[in-house]
Every structure is written in structure tokens, then in C-alpha cells.
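We did not get these values from a lab; they are worked out from the coordinates using the rules stated. The shown structure was predicted, so the numbers you read here are calculated from the model rather than taken from an experiment. Note: ideal-geometry Cβ built from the backbone for every residue, glycine included; neighbour counts use all protein chains shown.
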Amino acid sequence: MKKLILFTLTLVASASYAQDHFAGLTNSSRVGILSTAINPAELVNMSNKFEINGVGFSINASNNKIGFSDLTSDKDIETLLFNGNEPVNLRIDAEVYGPGLAIKYKSWALAITSKVNGKLDAVDIDTKLGDALVNSGLNSLLGSSTINNNYNQRLTGTTWGEVGFTLAKNLVDTEKYKFNAGATFKLLFPGSYSNLGLDKFSGTINNLGTQVYLNNTTANLNIAYSGSLANSFSNFEDYSQSVFGGLNGFSGDIGVNFQWKDIAETNPKRNQNKYKLNAGLALRNIGSMTFSDDNNYNTNYTLNIQPTTANPQGLNLNQFENVDSLQQIENILINQGYLTKQPERKDFKVKLPTLFTAYVDLKIVSKLFVSGYIQQKVNEDNNNDQITAQNSFTITPRLNLGFFEVYSPWSSNEVSGFNGGIGFRVGGFYLGSGSIITAAINDSKQADAYVGFRWSFL
């Protein structure tokens, strides 16, 4: 368990992260493959007839406990992580766009895209329980602590690949207005998965000097794993080994887009995407994928820890300090009699994070735009079969000079709160961060970085 937290903190310390992938860039009037990430209907607004995607990389994370100043101080990070009574939430995920092609023909546009996804999340971890598992109760005084939670705590990791097919159509095109609709159908290739869910946990932690025990405990426990994450959930190589498994799932996006044209600036020969206002609605990631592997297990247990003659103090939590896989946790609990059911080998389905998104991009004066973007998740992160997402809202002022564009996204999300960053685009090359400004001027609990390039022509 300790290795998982250390792995998470290493990622936070060594890279920049944020909540929205490609923050500020996806609302650009320079429309292409990345624009379909928020709305497939945008594809028909491409300025050129063709776009080839080279590579695009974005790594994101946020937490509600540790700020940037903590990472550079002499404070003990693991102690800070479990201070207070607010449950610990950590979100780390990465997206890598691979080769892709988009084509616009008259009122139609289509695209073929490829993408790899990786996530590592801690959801609503009780601080007392986390401190006992990771720090052997060092934050607690000698004695007992009672925990009684009515929610599901999760540690979960997921990798999967996608191949998407987007089709967009211009339905209305008048002198002043334009209305588009689009859809993306995605083939899903599940790679690896791990989930430890502890629902309705009730128990007593006893701190006896250097030993910490858990006693008088009941909970509903879910342990699921598939692929390389069955062997270790804290080794980066295990996330990268099997990001593209076999085809075993489908999902889709649907969206609509409205434009109020800027007739004064429209050039019929080039750069057709000139507008006073651009707005859209989309429902994304509607679907699920099934994990099936030789080491596939998904088991629901009833955890019951009571004092026995052999273990009068209950379960010794110190033995979990160097645990690195869910199989090890499972074996310890079964061997000591706290789980009576044997692991069940079976396929299981995991839902994608379905999102409702809406945005408006408004021209203020020539070359200067301001956009607003909102993202609302449909499902709850606490469900064991659910890939996580966050609710967020972003405002982005942007200066667009055509070949060069600079923008500054300012966002708020439910885990880390308020953040601001900056990014730029030169032709098809882009580089940015959604939180580098707030990281530099205050104690931000979020950071992000993304980079990539693509070519548009004709």
C-alpha cells in the first residue's frame, strides 16, 4: 500500500498535471482532430480539407491535500496526505493521441483517430485508515480510533486503447448561421485493470507503539484485477505494458454545434471558421468495456475482523506496508481467516466516465476571444465498476493571430479547486499547461502539461 502512495507522489512531483486534457486548446477556432474530444460536431468546422495527427500527449493529476510548496519543503509528504478528517482524493491520468486522419468534403467531415489512456485514482480514502496502512499510525497518538463510513473507498488503476471513427454533417448553413451535428464511434481495447473497494467500513484502529491493529471491523470488500496490474499496481511499467489489449468494448460520443458567423471577416478561399459566437453540447464516453484475461479475477467479499485466540488484537496492519498487488492483500486476508470466500475468476465489465459537456466561444474584438467550458459527470466515482472523472468549469481568454495563438485557461474542479495556466500554438505545434500560473504564485494542488503536433493542408 505504501508503494502505491509513493508512486502517486512521484508522478505529482516529477511532472505537471491538470484536470482538463489539452486545457484551452480544444476550444480553439483552429479546429481539427483534438476538437472532437469535446464535441464530434466540431469536425465539420475544419479550416482545411485535411489534417494528419502526429502525436499529442497530456498528463493530468489533482489532489485535495498536497500543494506545490509541500513538494519543495522538508515536510513529510505522507504525513500531510493523511492530516485532517477530509477524505483523500487523488486523480492521475494520461492521454496519448497517436496517428489520425481527418477529411472535410463539402458539408461532411470524417476522421479516424487512435488514443491510449491510463489512470490511477484514490477515491475518498479515510485519513485514519490511510495513515494506519501507510504510516503505521504515526499521525495518531497511542490508543484507539473508531471509523464508521457509509461510502465506498477505492484504489483503482486502468489502461485501455481506443480507435475512433467520427462523422460530422453541416445541417444548416445560411449567410449568418451554421448548425452541425456529429458522432464518434469508438472501438475499445481494454489493457489492464485493478480495483480495491472498501464499502461501508466500520472498525477500530489500535495503535500499540510500533504496531497498528484493526479490530471489530466489518465492510463490503471488492477486489478485481486483470492484465499486468494484477502483478503490481504501483510500477509504471505495468501500466505501459498492456495499454492496448484485444477488442472488447464500444463507446460513443454525440454532439451538436451552432455558429453565428462573422461575415465581415469571412474569406471564401481560406480559413472558413470565422465567427462571432461558437457553441456546442455533447454527451461523451457512452459505453463500457469488458476485461478478460488469464489472470482475471473479480470477487465481492464480506470483511469481518474480530478478536480470536490466535489474534486477540485483530489484524496487524504493519504487514501491508510493502504490499504491491491486490493478490497479496487477498492472500493475507484469506490466510488469516478474515475472508472465507475464494477468489472468483470471471470476466467483468467496466463503465467509461460518461460526461455531459457544453461550451461557448465568444469574439470580443478582432483576434480576441473568450470561451467558457463546463464538464459534468453522469455516474458516481465510488462505484467499483466505474472509471472516474471530475466535474469542472473553465474560462479561457485567447488571442488568435492565425498561425500563432496564445491562451490562458482558468478552471475549477471538484478535487483541487481553482487553477490557471497558459499555452500557445504555432501552426500545428502546441504546448501548454492548465495550472502553471497558479502553481507559481500560490499553493496549487493541481498541475498539468501537454504537447503535440499535427498538419493541416489544402
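Structure notes:
- Gain in span if fully extended, residue 336 to residue 174, counting 0.36 nm per residue against the direct Cα distance: 51.0 nm
- Positive-end residue of 362, 310, 382, charge dipole of the stretch 297-388 with Cβ unit charges: 362
- Under 5 Å between amide hydrogens, built in the peptide plane, is the criterion, and for residue 114 it picks out 98, 164 among residues at least 5 positions away or on other chains.
- Net charge contributed by nearby residues that have their C-beta within less than 13 Å of residue 290 (K/R +1, D/E -1): 0
- Rounded to the nearest 20 debye, the dipole magnitude of the stretch 131-228 is 220 debye, with +1 charges on Lys and Arg beta carbons, -1 on Asp and Glu beta carbons, and the Cα centre as origin.
- Axis angle, to the nearest 10 degrees, between helix 2-14 and the longest C-alpha principal axis of the chain: 30 degrees.
- For the stretch 275-283, putting each phi into the Karplus relation 6.51 cos²θ - 1.76 cosθ + 1.60 with θ = phi - 60° gives couplings of 8, 8, 8, 10, 9, x, 10, 8, 10 Hz, in residue order, rounded to whole numbers and with x for Gly and Pro.
- Extension gain, residue 319 back to residue 344 (0.36 nm per residue minus Cα-Cα distance, nm): 6.6 nm
- Calculated mean residue ellipticity, 222 nm, the chain: -3000 deg cm²/dmol, from DSSP H runs (n ≥ 4) at -39500 (n - 2.57) each, averaged per residue and rounded to 500.
- Qualifying lysines (Cα of each under 19 Å from Cα of residue 169; at least 8 residues distant if same chain): 49, 104, 106, 178, 186, 261, 274
- FRET efficiency for residue 105 and residue 286, using Cβ-Cβ distance with R0 set to 25 Å, rounded to 0.05: 0.40
- Magnitude of the charge dipole, the stretch 380-443, Cβ model with Lys/Arg +1 and Asp/Glu -1, debye to 20: 460
- In order along the stretch 77-92, the Karplus-derived 3J(HN,Hα) couplings, from 6.51 cos²θ - 1.76 cosθ + 1.60 at θ = phi - 60°, round to 5, 5, 5, 4, 4, 10, 6, x, 10, 5, x, 7, 10, 10, 10, 10 Hz, and Gly and Pro are given as x.
- According to the calculation over all Cα-Cα pairs in the stretch 296-428, the P(r) per 10 Å bin from zero is 10, 23, 20, 17, 14, 11, 5, 1 %.
- One way to sum up the overall shape of the stretch 338-407 is the equivalent ellipsoid from its Cα gyration tensor, whose semi-axes run 45, 12, 9 Å, largest first.
- If you bin all the Cα-Cα distances of the chain at 10 Å, starting from zero, the percentages per bin are 4, 20, 28, 22, 14, 7, 3, 1, 0.
- Table column - 3J(HN,Hα) (Hz), the stretch 326-342, Karplus curve with 6.51, -1.76, 1.60, x for Gly and Pro: 5, 4, 5, 4, 4, 5, 4, 5, 5, 5, 9, x, 8, 10, 9, 8, 8
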